[in-house]
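The next block holds one structure in the form of structure tokens; read it before the comments.
The values are calculated or read from the model by the stated rules, or taken from the named source; none is laboratory data. Since we're looking at a predicted model, the values are computed, not measured. Ideal geometry is used to build each Cβ from the backbone, glycine not excepted, and the neighbour counts take in all protein chains shown. Only protein heavy atoms, including side chains, enter the accessible area calculation; ligands, DNA and RNA are left aside. Shrake-Rupley method; radii C 1.70, N 1.55, O 1.52, S 1.80 Å.
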Amino acid sequence: MSAASERTTILVTGAAGPAGRALGVQVLEQADRGAGPRLVGVDLAPTDVPGYDAVLPVVGALDPAYDQDMRDLVARLRPDLVVPTVAEELPRLAVLGLATAMGAGLVLSAPGPVAVAADKLLTMWALAERGVAVPPHATVAEVGSAADAVSWGGGLVVVKPRVSRGGRGVHVVEDGGDPVWDSLDATWLVQGYAPGVEYSPQVYRSPHTGRCRVVVLRKTELKQGRVGNAAAVERLPDGAEPDVAALAVRTVEALDLVGPVDMDVRRAGDGTPVVLEVNSRFGALSAHAPEVLEDVLVEWSG
């Protein structure tokens, strides 16, 4: 780390959540080496988080007061960087334009790309339109009943909220009488089930040059068995899964995302990797790829 990085103060939203805590872990490791930035966090439910000087309260991203609350916090704390980690707030922060309005560098893509990545159905449509491999996908209305969905998916399908954090709400439908289907509406996405190995590429794309760095993590255990967040991962050596890394690069380029990006990729039945979803932010697994934070400090702190 450079001396400039050591002096950098970062305001992290969602500090008490999985992604915020992962950043705290990395900063503690840097502090042990006599380097690293200073972290100040905000959270809907503030608590002490390792690696943070303080975690302060903030209203929820869907609260009408959120925009002004964030503006006031940034004006008062005067951080060098603002790093958001809460999915629901990303489109609003992108539009707020903290970088120009408040003098802090907002580590986030432009509003359009952020809005697409925030909606899992829009993400599927955008990637498919640009020739990036994704699973078969549809709206609930297009598929019809649970029985129709099982037939369409060749035995089972995955349903998930179009807007949600991580694996929340993800459910596998394999029975035409599954009662979950009756509660679904237009806020849900239907995806074909990819049965192969699941990965979580951690990506950084430079906002200046477009250069991409990819660290491929393989999920060795999922919290819900066949789907859901990772319970355990393995960092793969560089070049170990070149098709997965190449797909990750194509994805961020197709969506025009920059900065840190966390995504889920899985191998389809024929072994082809397909993109399941994309998060235009640091994720819960970022501590396994500390190079991404290092890239942010180098390119966004100047």
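Values as computed for the structure displayed
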| quantity | calculated |
| --- | --- |
| Criterion (within 19 Å of the chain's Cα centre (by Cα) and either surrounded by fewer than 18 Cβ atoms within 10 Å (Cβ to Cβ) or of a type in the set (D, E, K, R) (or both)) met by exactly one of Ala126, Ala133, Ala147, Ala141 | Ala133 |
| Residues being over 22 Å from Ser164 (Cβ atoms) and part of a loop (DSSP other than H, G, I, E, B) - total across the range 43-81 | 10 |
| Every pair of residues 6+ apart whose Cβ atoms lie under 8 Å, when the first sits in the range 52-63 and is under 12 Å from Ala16 (Cβ atoms) and in the same structural domain as Arg76 (by the TED database) while the second is assigned to a loop (DSSP other than H, G, I, E, B) and of a type in the set (D, E, K, R) | Val55/Asp48 |
| Test result for Arg267, open to solvent by 20 Å² or more (accessible area, probe 1.4 Å), out of contact with any Leu (no Cβ under 6 Å at 6 or more places or on another chain) and in contact (Cβ under 8 Å) with a residue 40 or more places away in the chain | yes |
| Tally, over the range 244-257, of residues that are surrounded by fewer than 24 Cβ atoms within 10 Å (Cβ to Cβ) and part of a loop (DSSP other than H, G, I, E, B) | 1 |
| Every residue from the range 95-111 that is at pLDDT 75 or above and open to solvent by 40 Å² or more (accessible area, probe 1.4 Å) | Val95, Ala110, Pro111 |
